[in-house]
Structures are given as C-alpha cells and as structure tokens.
Amino acid sequence: MTTVRPHTLTDWLTYIEQQHPASIDMGLERVRGVAQAMGLAAPGAHTIVVGGTNGKGSTVAFIEAIARAAGWKVGAYTSPHLLRYNERVRIDGQDVDDAALVAAFNAIEDARGSTTLTYFEYGTLAALQLFADAGLDLAVLEVGLGGRLDAVNIVDADVAVITTVDIDHSDWLGEDREAIGAEKAGIIRGWKPVILGETDPPSSVLARAYLLGANAIRGGSDFFAEAIDATQWRWRDVGFRIDLPMPALRGLIQLRNAASAIAALRTLDLPLPRTAISAGVANARIRGRLQPVDRHGVEVLVDVGHNPQAARELALALAAAPVAGRTLAVFAALQDKDAVGVVQALGEQVQQWHLAGLEGPRGQPAADLHARLHDTAAASGTCHARVVDALQAALAQAQPGDRVLVLGSFHTAAEALQWLEPAA
C-alpha cells in the first residue's frame, strides 16, 4: 500500500512530528545515513556552526548581517522559530517559501527508506539540501541541543562558535558546566578554529580543543569587546582593531555575541571590509531578544530568555537602562526549566509578577508555576490562563514610565508578539 504524502507545508509539519517515536533522539547515525542517501553536498563554500547555551541566535544574526554586508551569499539555519516554521531557513536574508521546504521534505522522504527521523532531523536535512542547492558563500548553522549528538554536527564546519556554557537541558546534557561543556565541544573539529565567547569556558571545552589541535580563540583573552561610550564600542585583537556602532540588539551581552561573530568571520579566507563589519553590527536584527514594543507610553520588552543565565543577562540589561517607574514581568515557563532560578536572577529588577500558563506536553498551568515559585519574589504574583491574559493585566496596571518584561520561553514570546505586533 502506497502512503499518500502531504502536500502543504502545514501537512508536512504535522507528518514529520509523527515519524519517530521520540521527539528527541540524540545521535548522528540515522541522520548521517539519510544525508548520504540524499547525496548532500557541503551546505556552502564555507560553513560556521554556532553552539552554546545562550546567545546562539543573536550570534548567527550578527554573522549573517556582517557577511551579507560584505556581499556574500549567506544561508542561516536557526531554531526554534517564533511565528512561522519558514523562519528557520533563510537565504540572502529571506525566509524560504513553503514550496522550497515541501520539495526538500519530499527529497528526504525519497531517500530515507525505513529510517525514522525526528522533527528536528527532518528540518536540518531540509536546510542542508536547500543550502547545497543555493550556491552559498557561507552557511551558518545553529545547533539545536548540545552539540556532539545534534543533527547539525554531521557537517564538518570551517569554524565552530561556542557562545556560552551554562545549566540547561540537564536531562540530556548533564548537571554541571563541565558535563554540558563536553557536549557543546562536540562541534569542534581538528585543526580548525573554535571561537569561545566566554572569558572562562569550562575546562572540558578547552581540553577538547587542545586534544584535537583546534585553534581556540577566546573572548577576553584573544579578542576583546570594549565599550567606548553610549554609542560606540571597539573590537580588537593583537593585529586589528575597529570602532563600531552599538548594536541595535539590546543588552551588554550583545557586544559579546557581536564580538564572537566578528572573530569567527575573520578566520575565514574571504575579504571582510571594515564597512561590512560596521554595517552588519548596526543592522543585525532578531526577534524576541529584548524586542521593544511601545504600548501607550509603556515599553514592552519581549525576550525568549528561559534559563537563569539568560535571566542574569536580562537583569544586567534592565539595570543598565533604568526607567522612572516600575518593571512588571509576564512570566510563563516550560515545566522542565529552572523557573526558580530565573525569578531569583531578576528579583531586584522586577517589582510585580504576572504568571501565565503554557499549553502543550511540556507546558504547565499558571497555578503549577506559581506553586513552584512559592519561596521567591514571584509568590505574590497573579496567575493567568494565557500569556495574552497576563500581558493585558500587566498593561492595565502599568503607567507611563513603567515597563513590562515578557519572558520565559519561545512560546511565551511568540504568544506575546502575535498579540502585540498587529496593534503596534
């Protein structure tokens, strides 16, 4: 009996969610075998793979913007998406269309035989197929989970970037930075450069680089990002320096992400004009990273931050840009995240909490989230069924001069933006 294949992208996405018994099945054997059956070529003339706990998406955005400003043809693969699946695969700055993704999924189905693939593995192979067909100068690939056993790691990249290493996805990656670092370090390749965004990365990452003979280029040691004033900062290493405009992306962490992007691009054997670096840093955009929306004099900041390290960076950003009034937080988190750690990191910056529920197998009702937060500053917060309900309640209580921070997951940010942006 012949199985009728899906036709639309929506139907394909439903189909690929059901083709493997587990939503996450870390390992490269299955996805590598299908890639070989597809005859996949290299995704681009040059490839950069970006891994880490936080900052991956922003770093990809900086790499992409700078490279495109230099005149290169660039493809970027990121995950998860906020509003549309197409956001995951960009070529020349544009999301690929439904027809291209459907064609790529059909090519995977032609090749996979009896091999089952996860949703993320289908998506990764589709991106690699589309990039290989596009004749890219540069492919930028964001790791989905970990690194060593992530589907993206079937690609031997010219440069690896590890942005940060902190506690997240402990069930899969380990309970401490050393264990998690060992997983992240799986994207490092022998005798190839690896850009380390942190000043003090785990020893497991450094050990892997040294074992393979990789050139570890470390932020705060081999290259530096230094603020000059409120509008400018300086990138420098031992042989090069450039003064740059502050990124449009908010938060001091974005200097580190931009600095890592510049360091990665400078390792490639391609011309990189100073003007392209400057333009790319200024023009890089990514949704849901302290994204501002004005609502009748109240600034709403939407961020996908969902772990304590991200929350600590958010706290620094809020402290660096104080407001006359209060900061009200709308918080909805998946049940497997460290919600207590997030609230504790933001405690001094947030004066009022609104807790919301999230649907789905990993979601949780607001009441369950509230129960987990009983010993934190959010214990006095109010509960709401949905993110939009919590956001509306926060805005109803906010005055001009206040701000509202929305955070907790990609799902939280997506629900907020879907409601905010049509009215923005």
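The values are calculated or read from the model by the stated rules, or taken from the named source; none is laboratory data. Worth saying up front: this structure is predicted, and the values here are computed from it rather than measured. Methodologically, a virtual Cβ is constructed for each residue, glycine included, from the backbone with ideal geometry; neighbour enumeration extends over all protein chains shown.
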message: Here are the criteria: (1) part of a helix (DSSP H, G or I); (2) surrounded by fewer than 24 Cβ atoms within 10 Å (Cβ to Cβ); (3) among the polar types (S, T, N, Q). Tell me which single one Thr199 does not satisfy.
response: (1)
task: Specify which of the listed residues (Asp110, Asp92, Asp97) is within 23 Å of the chain's Cα centre (by Cα), surrounded by fewer than 18 Cβ atoms within 10 Å (Cβ to Cβ) and over 24 Å from Gln254 (Cβ atoms).
output: Asp97
message: I'm told Ser221 meets every condition in (1) buried (at least 23 other Cβ atoms within 10 Å of the Cβ); (2) without any contact (Cβ under 8 Å) to a residue 40 or more places away in the chain; (3) not in a helix (DSSP H, G or I); (4) not acidic (Asp, Glu) except one. Can you identify the failing condition by its number?
response: (1)
message: Given (1) closer than 30 Å to Ser278 by Cβ; (2) more than 20 Å from the chain's Cα centre (by Cα), identify the lone condition not met by Val152.
response: (2)
- line: Considering only strands (runs of 3 or more DSSP E) wholly within region 224-330, the ones with at least 3 residues that are surrounded by fewer than 18 Cβ atoms within 10 Å (Cβ to Cβ) and touching a residue at least 24 places away in the same chain (Cβ under 8 Å) are 291-295
- line: All-but-one check, Gly360 against (1) on the phi < 0 side of the Ramachandran plot; (2) modelled with pLDDT under 95; (3) more than 20 Å from the chain's Cα centre (by Cα); (4) not hydrophobic (A, V, I, L, M, F, W, C), failing number (1)
message: Among the listed residues Thr124, Thr115, Thr78, Thr163, identify the single one that is touching a Ser or Thr at 6+ places or on another chain (Cβ under 8 Å) and hydroxyl-bearing (Ser, Thr, Tyr).
response: Thr163
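A quick yes/no check of all residues on (1) buried (at least 22 other Cβ atoms within 10 Å of the Cβ); (2) within 15 Å of Ala126 (Cβ to Cβ); (3) at pLDDT below 95:
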residue: Ala37; (1), (2), (3): no, yes, no
residue: Gly44; (1), (2), (3): yes, no, no
residue: Ile48; (1), (2), (3): yes, no, no
residue: Thr53; (1), (2), (3): yes, no, yes
residue: Val60; (1), (2), (3): yes, no, no
residue: Ala70; (1), (2), (3): no, no, no
residue: Ala76; (1), (2), (3): yes, yes, no
- request: Could you figure out which of (1) free of Cβ contacts under 8 Å to residues at least 12 places away in the same chain; (2) closer than 25 Å to Ala416 by Cα isn't true of Arg90?
  value: (1)
- request: Hey, can you tell me all the residues within region 366-414 that are within 12 Å of Val340 (Cα to Cα) and surrounded by fewer than 16 Cβ atoms within 10 Å (Cβ to Cβ)?
  value: Ala371, His374, Asp375, Ala379
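For every residue, the table says whether it meets (1) assigned to a helix (DSSP H, G or I); (2) touching a helix residue (DSSP H, G or I) at 6+ places or on another chain (Cβ under 6 Å).
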position	(1), (2)
Val4	no, no
Gln18	no, no
Ala22	no, no
Val31	yes, yes
Ile48	no, yes
field: Hits in region 353-376 - residues which are of a type outside the set (Asp, Glu), more than 11 Å from Gln335 (Cβ to Cβ) and out of contact with any strand residue (DSSP E or B) (no Cβ under 6 Å at 6 or more places or on another chain)
entry: Ala371, Leu373, His374, Thr376
field: Test for Thr116: is it farther than 28 Å from Val34 by Cα, in a loop (DSSP other than H, G, I, E, B) and either outside the structural domain of Thr53 (by TED's automatic domain parsing) or not hydrophobic (A, V, I, L, M, F, W, C) (or both)
entry: no
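Against the condition in contact (Cβ under 8 Å) with a residue 12 or more places away in the chain, surrounded by 18 or more Cβ atoms within 10 Å (Cβ to Cβ), of a type outside the set (D, E, K, R) and in a loop (DSSP other than H, G, I, E, B), how does Leu358 come out, does it pass?
Numbers: in contact (Cβ under 8 Å) with a residue 12 or more places away in the chain: yes; surrounded by 18 or more Cβ atoms within 10 Å (Cβ to Cβ): yes; of a type outside the set (D, E, K, R): yes; in a loop (DSSP other than H, G, I, E, B): yes.
Against the criterion (in contact (Cβ under 8 Å) with a residue 12 or more places away in the chain, surrounded by 18 or more Cβ atoms within 10 Å (Cβ to Cβ), of a type outside the set (D, E, K, R) and in a loop (DSSP other than H, G, I, E, B)), Leu358 qualifies.
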When residues of region 139-164 are limited to those that are closer than 21 Å to Ala333 by Cβ and not small (Gly, Ala, Ser), the one surrounded by the most Cβ atoms within 10 Å (Cβ to Cβ): Thr164
query: What about Val343, is it touching a helix residue (DSSP H, G or I) at 6+ places or on another chain (Cβ under 7 Å), closer than 22 Å to Asn54 by Cβ and assigned to a helix (DSSP H, G or I)?
result: yes
